[in-house]
Structures are given as C-alpha cells and as structure tokens.
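Everything on this sheet refers to the single structure shown next.
Taken together, the values in this text are just the output of simple stated rules run on the coordinates, not laboratory data. Keep in mind that what you see is a predicted model, and the values were worked out from it rather than measured. Note that each Cβ is placed from the backbone with ideal geometry, even for glycine, and that neighbours are counted across all protein chains shown.
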C-alpha cells in the first residue's frame, strides 16, 4: 500500500510556552493517525472490540528532529511495516506540509490481544484487511 496520510493542525492547548507542539502531543498525533489508517482498512477500533480484539502498543520509539508550531499544517504518514503472527510493526512520520520537513518519526510494535489484554492470534479477516496497509 501507499502511505496513509492524515492531516493535523496543532491547537492552542497542545503548545508549550515556546509556541512549539509539546513533545508528548506527538504520540497522540501518531495514535490518531493509526486509528484513521485502520478505519480506512475497515478496522475501526470499536468494531474490533466487538470481535474481542484489541491492537495494543507494546513498544514505541520516537525521534524528534524539529518542532512544529501553531501555524504549521502537519501530515502524519502511517505505514504498516510488518505483520507478524500476533503483532504488527508500524512506521510513522510527521511532516510539515509547508516545506516537507520531517519533524518527528516513530517506530512501534503493536500486539494483537483480546479485550482482557491477553495476547491472541488475530482472526484471519483482520490479517487480510491489514494487508491493505502493508508498505511495499
């Protein structure tokens, strides 16, 4: 699949005293963009929960390169880098649209769990739908 893109405009409450997006907010942006990408593949989180499936982040690495400010329009690019037996690996980037600068990058692993948080094998249709998000 091509990269899934989600546009985000920072809000006043997400800024620090220096008019930069607070570093913790980027994790929220990544989460929101993954949810939108999953919905684009017909994998909305409420529907998964109804099937006793959760996609739970187990590892997250974030690299900060440049700050975003209140006047920036941001594009969060999301790619499913790898499907494993009961987990997935994602790569994401936050790009300032004005100059295409990569501001923040994230690599994360998400496990497939049941609604009690116990690891489980994903239903076959879930892995098939994830195929639409697989990079390359």
**Asked** If the label point is 7 Å along Cα→Cβ of residue 98, which residues in the range 62-88 have backbone nitrogen under 16 Å from it?
**Response** 66-75
**Request:** For the range 1-68 and the range 75-136, write down the distance between their C-alpha centroids in whole Å.
**Result:** 11 Å
**Request:** Show that you can apply the helix-only estimate: for the chain, add -39,500 (n - 2.57) for every DSSP H stretch of four or more residues, divide by all residues, and state [θ] at 222 nm to the nearest 500.
**Result:** -6000 deg cm²/dmol
**Request:** Would you mind getting me the FRET efficiency between residue 86 and residue 65? Use the beta-carbon distance for r and R0 = 30 Å, nearest 0.05.
**Result:** 0.40
**Request:** Quote the FRET efficiency, to the nearest 0.05, computed for residue 18 versus residue 49 with a Förster distance R0 of 41 Å and r equal to the Cβ-Cβ distance.
**Result:** 0.60
**Item:** Calculated Rg and Dmax of the Cα atoms in Å (choose from (1) 17.0, 51; (2) 15.5, 48; (3) 24.0, 79), label
**Value:** (2)
